[in-house]
Amino acid sequence: MLKEAIGLILYALLLLLLIFILITAVRALFFTPKKKKGEKIELTDEKVDTERYLRNLSDAIKIKTISNYDRDKVDWSQFDKFHAFLEERYPLIHKTMTKTVIGDASLVFKWEGTDPSLDGIALLGHQDVVPVAEGTENDWTHPAFEGFNDGEFIWGRGAMDMKNHLLAVMESVEQLIADGYVPKRTVYICLGHNEEVVAAPDNGAKQIAAYLKEQGVHLEAVIDEGGAILPVNVKGVLNTHLAGVGVAEKGSVNYEVSVSAKGGHSSQPPEHTALGHLANVIKDIEGHQFKAKMPKFVYELFIEIGRRCSYPVRLITCNLWLLKPLVLKIMTKIPPAASLIRTCTAVTMAQGSPQFNVLPQKASITVNFRTMPGVTIEDVEKHIRKSVRKKEKIDVNFLVGKEASVVSPTDSRAFRTIKELCEAADDKCLVAPFLVMGGTDSYNYECVCENIYRFSPFVASTKLLLCTHATDERLPVSSCENALKFFKRYVKQMTED
Ligand SMILES: [Zn+2]
C-alpha cells in the first residue's frame, strides 16, 4: 500500500516537472522584448550640428576647470574663461535664457515656458574636471588639456566626465532656439562647479537646488550624468547596447570602530593587545555582511536583459522569479554584482600604537559602507553593533557620510521618454534602470524633483569608461550625433505639453 502511494506521488511529481519544463519551453519562446504600442519616435529628421559641437568640445577641454576641496586652491580665472567661452559659443542661449551665477561659479540658465503653471525640467552638468595625477602627464597619447580630435576620438580631461554631456545639452538647446522652438514648460540648464570634490562644503549643485526651491520651483524631471550606453556582446547569448539609466545612487558612510586597552611596554604584553581584539572585530564585521536583496529596479534590469538573450538562455532567464535566491547567492560572490544588491562593507584603514615597542591604548579601524537605498546611516551603526561578538567592547564613531538617494520611478514620463529615444536611435538598444555607485550632482535635487535620472546618451565601452578620471580619457566621435539628437528631442518631448 505504502509502496503504491510513494509510486503515485513520484509519478505525480514527474508529471508536474514535465509540465513545468513544457511551460518554460513555451514561455521562453515568447519571453522577448515587449513591442511598443502607439507612435514610434523618429530621430532621423532632427537637425543637429555635430561639427560645431566637436569643435566646441575640443576648445572646452582646453580650459582647465579643475576643482579642489580647498577653494583657495582653485584657479577661478579658468571658470571665468569657461563662462566667457559659453557666452561666445552659445549666443542664442544667452539671449533667450536668463543666466544666474550661484555660489562661486555655478550657473543656472532659465528658458521660461509659455505655461508657467506647469512643472519645468532641468538638464544638469558640471563644469569642473579632476586634475591629471602628478607624474602621469606624459602617459597620455595626446595631452590632457588639448582636446585633440583624431577623427575617431576627442582626447582629454572632461571628454567623458562630463564636458561632452554639458556641451551636448548646450548645443541642443542652442539649436532648438535657432529652430524657433518655443517650450510650454520651463527649461533649466544647471551647471555646478565642484561636483568632483566629494563633500565640498560649498557644493554648487546643493546651492542651485536650494535656490530653485527658494524660487518655488518644482521640477517634473532632472537628467544628469551617471549611466551611459554600453555595448554588450556575449557570443551566442546576448548582443545588445545596454543603456543604463541611473534611478538611484548609493550612499557612502564611514565609521571608526575602536577597542581600548591598558597599554604599556611591549616587553610584558597581555595575551591579546587592543589590536589583537580588533582582529576579532574585523573578522566579525567582514563575516556579517548586510543581507542581499534584489531591489525592484535590479530585477527589472535582469528581466530586460533576460528578454534579449538567445533562446536556450531564455529557458533560464524567463524563470528569474523562481531562481531569484540562487541568482542572489551567485551575485554576492562577484564583487561588482554584489554591489548592486547589498550595502557593501570595506575595512579601509587601521591604526594601533604610535611606536613599535608601545602597546596600543586604542586600536581603531575605519570602515566604509556603500549603502543601498533604504539603508540609513543609523542602520549601519546598529548593524556594526549587532555584528561584533559581545565580549569585545567596541566604540563606534560616525565620521562622515552621505545617505543613499531615493529611487526614482521607472513609470514616469521622463523615464519613458529616455527609453523611447534610445530605442528610436538604435534598434539594438536595451534600456534598463540601474544603480549608480558613485555620487552625482543630481542627488541634491531631491528637494525639488521626484524623477531624477542619471544618464548620458553616449555609447562607450567599459574600456573607455575606465579612462574616466584616468589617463587617456576620450570620447568616441561616432557617438556624438545621436547624443545631440537625444537631448534635442528629449527637451521637445518633455516640454511640448
Ligand atoms: Zn562627473
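None of the figures in this text is laboratory data; all of them are computed from the coordinates on show. In this text, all values refer to a predicted model and were calculated from it rather than measured experimentally. Reconstructed Cβ throughout: ideal geometry from the backbone, glycine too, with neighbour counts over all protein chains shown.
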Got a sec? How would Asp179, Asp224 order by Cβ neighbour count within 10 Å, fewest to most? Asp179, Asp224
Based on alpha-carbon atoms only, what is the radius of gyration of the stretch 1-130 relative to the globular estimate 2.2 N^0.38 Å? 2.19
Would you list Ile61, Ile9 from fewest to most Cβ contacts within 10 Å? Ile9, Ile61
Please state the equivalent ellipsoid semi-axes for the chain: what are the square roots of 5 times the Cα gyration tensor eigenvalues, largest first, in whole Å? 42, 37, 21
Mind listing which chymotrypsin sites (Phe, Trp or Tyr not before Pro) in the stretch 20-88 are in a DSSP loop and have 14 or fewer other Cβ atoms within 10 Å? Tyr69
For the chain, what proportion of DSSP beta bridges, expressed in % and rounded to the nearest 5, is antiparallel? 65
Does the stretch 411-470 come out rounded, prolate or oblate by the C-alpha gyration tensor, with a ≥ b ≥ c the root eigenvalues, rounded set by a/c under 1.5 and, if not, prolate when a/b is larger than b/c and oblate if not? oblate
Residue range of the chain that is longest and free of GluC sites (Glu not before Pro) which are both DSSP loop and sparsely packed (at most 11 other C-beta within 10 Å): 272-495
Volume of the Cα convex hull of the stretch 1-71, divided per residue and given in Å³: 315
Rg(Cα) of the stretch 339-409 divided by 2.2 N^0.38 Å? 1.37
Could you tell me what a quarter of the Cα convex hull surface of the stretch 248-402 works out to, in nm² with one decimal place? 11.3
Distance cut-off 26 Å, Cα to Cα: go down the list Lys291/Lys428; Lys250/Lys333; Lys35/Lys485 and report the pairs above it. Lys291/Lys428
Report, in deg cm²/dmol and to the nearest 500, the calculated mean residue ellipticity at 222 nm for the chain, where each DSSP H run with n ≥ 4 adds -39500 (n - 2.57) and the sum is divided by the residue count. -11500 deg cm²/dmol
Between the DSSP loop rule and a limit of at most 12 other Cβ atoms within 10 Å, which trypsin sites (Lys or Arg not before Pro) in the stretch 140-224 are left? none
Rounded to the angstrom and largest first, Cα extents along the principal axes for the stretch 148-196 equal 38, 29, 9
Got the relative contact order for the chain handy, in percent, Cα pairs under 8 Å and 6 or more residues apart? 25
Enumerate by residue number the chymotrypsin sites (Phe, Trp or Tyr not before Pro) in the stretch 327-418 meeting two conditions: DSSP loop (anything except H, G, I, E, B), and at most 10 other Cβ atoms within 10 Å of the site's Cβ. Phe356
